[in-house]
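The values are calculated or read from the model by the stated rules, or taken from the named source; none is laboratory data. Not measured: the values here are computed from a predicted model. Neighbour counts run over all protein chains shown; Cβ positions are idealised from the backbone, glycine included. Side chains are part of the model used for accessible areas, which takes the heavy atoms of the whole protein and leaves out ligands, DNA and RNA. Shrake-Rupley method; radii C 1.70, N 1.55, O 1.52, S 1.80 Å.
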Amino acid sequence: MVRLRLIPREEKFFDMFEKASRNMLEAAKLLQEMLSHYEDVEKKVSEITEREHQGDAITHDIIAKLNSTFVTPFDREDIHHLTSAIDDVVDRIEAAADVMLIYRIERPTPELQKFASILVRSAEEINSAVPLLRKRDRMKEILNRCIEINRLENEADQLQRAALVALFENPTNTIDVIRWREIYGQLEEATDRCEDVADVLQGMVMKHA
Amino acid sequence: MVRLRLIPREEKFFDMFEKASRNMLEAAKLLQEMLSHYEDVEKKVSEITEREHQGDAITHDIIAKLNSTFVTPFDREDIHHLTSAIDDVVDRIEAAADVMLIYRIERPTPELQKFASILVRSAEEINSAVPLLRKRDRMKEILNRCIEINRLENEADQLQRAALVALFENPTNTIDVIRWREIYGQLEEATDRCEDVADVLQGMVMKHA
Amino acid sequence: MVRLRLIPREEKFFDMFEKASRNMLEAAKLLQEMLSHYEDVEKKVSEITEREHQGDAITHDIIAKLNSTFVTPFDREDIHHLTSAIDDVVDRIEAAADVMLIYRIERPTPELQKFASILVRSAEEINSAVPLLRKRDRMKEILNRCIEINRLENEADQLQRAALVALFENPTNTIDVIRWREIYGQLEEATDRCEDVADVLQGMVMKHA
């Protein structure tokens, strides 16, 4: 008797989504750790860069699997969007960390640590939401995670705004203005990309739950 | 007797598109008004921010309706693109207005007022084009609106270019260079997003007219 | 007897893709030439701007043909992505050249010439890959081109990184920091867009080869 292997094949996608979101959470945590203990920066940045490479590899695997799979558990487009959105978060985290090196930042600001904390919390929400995709009857729980991610993105917006006001209020060193504007911008973009992940997840719930 | 409600259901999408484009036009007009009478800036920015929230709510409604509707008057993807493109225009207008506050701009430049005027005219073209989607026999009129939006976007490009040349020709205050570059950039992006709206509209006409 | 004209009609798309990629390669070469012989800059930039207009016209033709063609040689979405990605490369090349004028750059840096060389090589890879789309049995050769484009994009990343480190290490003139950061950014974006072209090509090979 031939057993159909439809479900096991679908499982592979869920495994890969979870691998991607775990990797993203690890990158966020490494950034937070680096900002709390700002030493050996070069080594710590290279660990985050490793997460970024790992993210690229996972993305590559998902796209390859997508192109070779006939029946997918979700719309191909949604799988594609979810994968790139998660990858974009990791890219931004890595870019922000690397900018600390490039611009020879000597000491993180308190705002920067707040950004890292928002990012870790957003990444945790995503990482809790993604495994719920496996269970149609629990998919609706994803929506609450999405609401929280949206709230955190708003918090990051306000944080960036306040940091910029402070930066331009009394700009003693113009080069510092350029530096910090860039770093805050990268981190705000990272939370924007978390919101993109939430948007894709929300759309997937709408269609399937 | 059961009456099919296919047409009324379609109508809802057109109503929502028009609501979105009217909201966008109002945001552009509020920006123009703020720049002509540059006082009570904080209050005026908050009115534009309200438009931005309103835009988010309309976008949300359209996407929700899209996900719950089986037969849509246009391709789902086109509806999605049109909606986000209009929303992006409002976002940029709000960002530009907010930057005036964040960077404590004391007085708008003449270039800024020209930008606002281009934006209002682009928004008016979009707002005149969107209702024409309702009538297949008049859809082709949309194309002339799109040509004008493209022309306006070109005008904005030239304006930004000239403003940047002036800014870098004689840069007395570097912080001002950073400030104005950002504000002009946001406004030029707003007209770019108007062009995106025109591109989507044009594609929809091509398919249906 | 009626002869079906299915194949000739498809040919038109391939012709247009090749026209677009040749135009992109010419733009890259014009930039490289301008940076090697940095004189008559205004005239040379206007030649690159002409390429940009030409690119817009080709893109317009492809989209118009897409909207009026029932059977296309590839997924409509892929044709659309490929076309805009190639167009984006030209846009960035033109923007980078124009910024040289706007910011009144007096002399190109060695880094800038290296960027131009990477761009020309990426454009050459794309220009060699695109004609292979015509032949299903040779499509797989495209993948090697894509690998090389990815390698070149990495090289551009490293180049930008090194240029920024140098720029911020000893920032004597803040306005110069702003200027060069922008120019390097545009060029790095151009190689990013080349990578986007490679991604689309790779996806097309996966589906059809």
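When the range A:167-181 is examined, which residues are found to be part of a helix (DSSP H, G or I), open to solvent by less than 60 Å² (accessible area, probe 1.4 Å) and free of Cβ contacts under 8 Å to residues at least 40 places away in the same chain?
Quick first cut of the range A:167-181, residues part of a helix (DSSP H, G or I) only: A:167-169, A:174-181.
Subset that is open to solvent by less than 60 Å² (accessible area, probe 1.4 Å): A:167-168, A:174-181.
Residues satisfying the conditions are A:Leu167, A:Phe168, A:Thr174, A:Ile175, A:Asp176, A:Val177, A:Ile178, A:Arg181.
For the range B:20-44, how many residues meet the condition of being open to solvent by less than 70 Å² (accessible area, probe 1.4 Å) and not in a helix (DSSP H, G or I)?
The qualifying residues number 1.
Name every residue in the range B:107-135 that is closer than 19 Å to B:Leu164 by Cα and free of Cβ contacts under 8 Å to residues at least 60 places away in the same chain, in order of residue number. Explain how you work it out, then say what you get.
Within the range B:107-135, the subset closer than 19 Å to B:Leu164 by Cα is B:107-119.
If the condition is that a residue be closer than 19 Å to B:Leu164 by Cα and free of Cβ contacts under 8 Å to residues at least 60 places away in the same chain, then B:Pro110, B:Lys114 are the ones that fit.
Please find, within the range A:96-121, the residue that is most open to solvent (accessible area, probe 1.4 Å) out of those that are touching an Asp or Glu at 6+ places or on another chain (Cβ under 8 Å) and within 14 Å of chain C (Cβ to nearest Cβ).
A:Arg104
Taking A:Lys207, is it within 14 Å of another protein chain (Cβ to nearest Cβ), of a type in the set (Lys, Arg), part of a helix (DSSP H, G or I) and more than 30 Å from C:Asp176 (Cβ to Cβ)?
Values: within 14 Å of another protein chain (Cβ to nearest Cβ): yes; of a type in the set (Lys, Arg): yes; part of a helix (DSSP H, G or I): yes; more than 30 Å from C:Asp176 (Cβ to Cβ): yes.
In short, yes.
Determine which member of the set C:Phe13, C:Phe17 is part of a helix (DSSP H, G or I), more than 14 Å from chain B (Cβ to nearest Cβ), buried (at least 20 other Cβ atoms within 10 Å of the Cβ) and in contact with a Pro (Cβ under 6 Å, 6 or more places away or on another chain). I'd like the intermediate steps shown before the answer.
Details: C:Phe17 fails: in contact with a Pro (Cβ under 6 Å, 6 or more places away or on another chain).
One residue alone meets the criteria, C:Phe13.
If you check every pair at least six apart or on different chains, which have Cβ atoms under 6 Å apart with a residue in the range A:45-67 that is under 18 Å from C:Cys146 (Cα atoms) first and a residue that is open to solvent by 60 Å² or more (accessible area, probe 1.4 Å) and aliphatic (A, V, I, L, M) second?
A:Asn67/C:Met206
Name, by its number, the condition in (1) out of contact with any Gly (no Cβ under 6 Å at 6 or more places or on another chain); (2) within 18 Å of A:Val197 (Cβ to Cβ); (3) away from chain C (no Cβ under 13 Å) that does not hold for A:Val90.
(1)
Starting from the range A:182-209, keep only residues that are over 20 Å from A:Asn127 (Cβ atoms), then list their pairs with residues that are part of a helix (DSSP H, G or I) and of a type in the set (Val, Ile, Thr) whose Cβ atoms are within a distance under 9 Å, requiring at least 6 positions of separation or different chains.
Between residues of the range A:182-209 that are over 20 Å from A:Asn127 (Cβ atoms) and residues that are part of a helix (DSSP H, G or I) and of a type in the set (Val, Ile, Thr), the close pairs are A:Glu182/A:Val99; A:Ile183/A:Val99; A:Gln186/A:Ile93; A:Gln186/A:Val99; A:Met206/B:Ile63.
Please go through the range C:45-78 and give me each residue that is over 25 Å from C:Leu132 (Cα atoms) and open to solvent by 30 Å² or more (accessible area, probe 1.4 Å), ordered by number. Quick ask: steps written out before the conclusion?
Going through the range C:45-78, the residues over 25 Å from C:Leu132 (Cα atoms) turn out to be C:45-50, C:53.
Hits for the range C:45-78 are C:Ser46, C:Glu47, C:Thr49, C:Glu50, C:His53.
Across the range C:137-177, which residue is farthest from the other protein chains (Cβ to nearest Cβ) among those that are more than 22 Å from C:Asp192 (Cα to Cα) and acidic (Asp, Glu)?
C:Asp137
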